[in-house]
1. If you check Gly259, Gly198, Gly165, Gly185, which single one turns out to be under 21 Å from Ser123 (Cα atoms) and without any contact (Cβ under 8 Å) to a residue 40 or more places away in the chain?
2. More than 18 Å from Ile305 (Cβ to Cβ) and either in contact with a Pro (Cβ under 7 Å, 6 or more places away or on another chain) or basic (Lys, Arg) (or both) - does that describe any residue in the stretch 134-141?
3. Look through the stretch 19-45, keep the residues that are touching a residue at least 24 places away in the same chain (Cβ under 8 Å) and among the β-branched types (Val, Ile, Thr), and return whichever of them is farthest from Arg59 (Cα to Cα).
4. Taking the conditions exactly as written (under 21 Å from Tyr177 (Cα atoms), buried (at least 20 other Cβ atoms within 10 Å of the Cβ) and modelled with pLDDT of 95 or more), does Met228 satisfy them or not?
5. Pick from Val8, Val29: which is of a type outside the set (Phe, Trp, Tyr) and either part of a helix (DSSP H, G or I) or assigned by TED's automatic domain parsing to the domain that holds Glu307 (or both)?
6. What residue, among those in the stretch 1-24 that are within 41 Å of the chain's Cα centre (by Cα) and among the β-branched types (Val, Ile, Thr), is surrounded by the fewest Cβ atoms within 10 Å (Cβ to Cβ)?
7. From the list Ile299, Ile305, which residue is in contact with a Phe, Trp or Tyr (Cβ under 8 Å, 6 or more places away or on another chain) and not in a loop (DSSP other than H, G, I, E, B)?
8. Among the numbered criteria (1) among the aliphatic types (A, V, I, L, M); (2) surrounded by fewer than 19 Cβ atoms within 10 Å (Cβ to Cβ); (3) in a helix (DSSP H, G or I); (4) touching a residue at least 40 places away in the same chain (Cβ under 8 Å), which single criterion is violated by Ile153?
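The values are calculated or read from the model by the stated rules, or taken from the named source; none is laboratory data. Keep in mind that what you see is a predicted model, and the values were worked out from it rather than measured. Using ideal geometry, Cβ is built from the backbone for each residue, glycine included, and neighbour counts are taken over all protein chains shown.
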Amino acid sequence: MIVTLKDVAELAGVSRSAVSRTYTEGASVSLKTREKVKKAALELGYSPNALASSLTTGRTKMIGLVSNNFRNPFFLEVFDLFTRGLQERGLRPLLVNLSEETEPEASIKMLRQYSVDGVIVASSTLKPGFSKAFKDAGFPVVHPFGSHSENPIVDVLGIDNIMAGRMAALTLIARGYSKIAFLGGPQTATTTIDRGKGFLSVINAHSNCSCSTSFATEYSFEAGRSSMLQLMKGKLAEAYFCADDVLSIGALSALQSGGYDVPKDVGIIGLNNMEMASWDNINLTTISNPLPEIISASIDRVSAIVENASIRPEGQLFECKVIERGTLRPPLK
């Protein structure tokens, strides 16, 4: 049978309200009463009802974790770190899939129904308007993996995608590649735009380099493979910067099935350093995206905004670096 607050009160010899105050953060209760309640609860195996507590405190400790990248295995790592990080802080994640959403109204309605305390928009492809809409609806909001801005509407945390694009270009040039290509994700995604902008700014500054661009329909293995199969019908570049690891892995699969040797015939560099990129059969050279740091900071930030809604939004940048593996030829000596 379920142990109730009443059972604990009777065993401890205190009132029900004393038991309730013992488990209500900030409520007044004497040390003697608290000890009696805790002892009785331990003996009975009682756990306070979180939903009932929220009626008293006005806080559900529930955080909406919303995304639209569920086809990208990189975000399995993101969701794992976010859900564990929230739970370790005594918060409860409410996972919301926006893959088919074009407007935020339905999501706002759902988040209101569950009375979430805050919202984390864990996406690099959702329109910035989603984050603004959540904020306008009264939710504390942070947006990890969004496009960096000096004066953001909501808190944005992530790498400098323009700088990451430059880093990819410089890495290819240092290896002597001159016919270079950019394979991005969806053209409207801020990550595609920013990474491509940084990449092309470096390539265009080198007169001995040429660059072509193409775009996948989404950040997925299938889209990366399909895009590369299409590119293989023409003359391939010497090396490709694929703006995401999962695109890179799809492109690598297409090249290998077409009889191309990577990196002997074609070089590939990705971005994110997802776990799969390090597998022996993939061994992808890539640029890191420091997930643990970004996610921990995002949780800290949304918790702070829940406590103090007047905190001014800011952008936080995290360092990325090239991870050397086996899909590019060595640098020139």
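1. On the way: Gly259 fails: under 21 Å from Ser123 (Cα atoms); Gly165 fails: without any contact (Cβ under 8 Å) to a residue 40 or more places away in the chain; Gly185 fails: without any contact (Cβ under 8 Å) to a residue 40 or more places away in the chain.
Exactly one residue qualifies, and that residue is Gly198.
2. Initial filter on the stretch 134-141 (more than 18 Å from Ile305 (Cβ to Cβ)): none.
Checked the stretch 134-141: no residue is more than 18 Å from Ile305 (Cβ to Cβ) and either in contact with a Pro (Cβ under 7 Å, 6 or more places away or on another chain) or basic (Lys, Arg) (or both).
3. Residue satisfying both the conditions and the ranking: Val37.
4. Details: under 21 Å from Tyr177 (Cα atoms): yes; buried (at least 20 other Cβ atoms within 10 Å of the Cβ): yes; modelled with pLDDT of 95 or more: yes.
Against the criterion (under 21 Å from Tyr177 (Cα atoms), buried (at least 20 other Cβ atoms within 10 Å of the Cβ) and modelled with pLDDT of 95 or more), Met228 qualifies.
5. Values: Val29 fails: either part of a helix (DSSP H, G or I) or assigned by TED's automatic domain parsing to the domain that holds Glu307 (or both).
So the residue among Val8, Val29 that is of a type outside the set (Phe, Trp, Tyr) and either part of a helix (DSSP H, G or I) or assigned by TED's automatic domain parsing to the domain that holds Glu307 (or both) is Val8.
6. Going residue by residue through the stretch 1-24, those that are within 41 Å of the chain's Cα centre (by Cα) are 1-5, 19-24.
Checking which are among the β-branched types (Val, Ile, Thr) leaves us with 2-4, 19, 22, 24.
Numbers: Ile2: 8, Val3: 15, Thr4: 14, Val19: 29, Thr22: 22, Thr24: 15.
Among residues in the stretch 1-24 that are within 41 Å of the chain's Cα centre (by Cα) and among the β-branched types (Val, Ile, Thr), the one surrounded by the fewest Cβ atoms within 10 Å (Cβ to Cβ) is Ile2.
7. Values: Ile305 fails: in contact with a Phe, Trp or Tyr (Cβ under 8 Å, 6 or more places away or on another chain).
Selected residue: Ile299, the only one of Ile299, Ile305 that is in contact with a Phe, Trp or Tyr (Cβ under 8 Å, 6 or more places away or on another chain) and not in a loop (DSSP other than H, G, I, E, B).
8. Tallying (1) among the aliphatic types (A, V, I, L, M); (2) surrounded by fewer than 19 Cβ atoms within 10 Å (Cβ to Cβ); (3) in a helix (DSSP H, G or I); (4) touching a residue at least 40 places away in the same chain (Cβ under 8 Å), Ile153 fails exactly one: (3).
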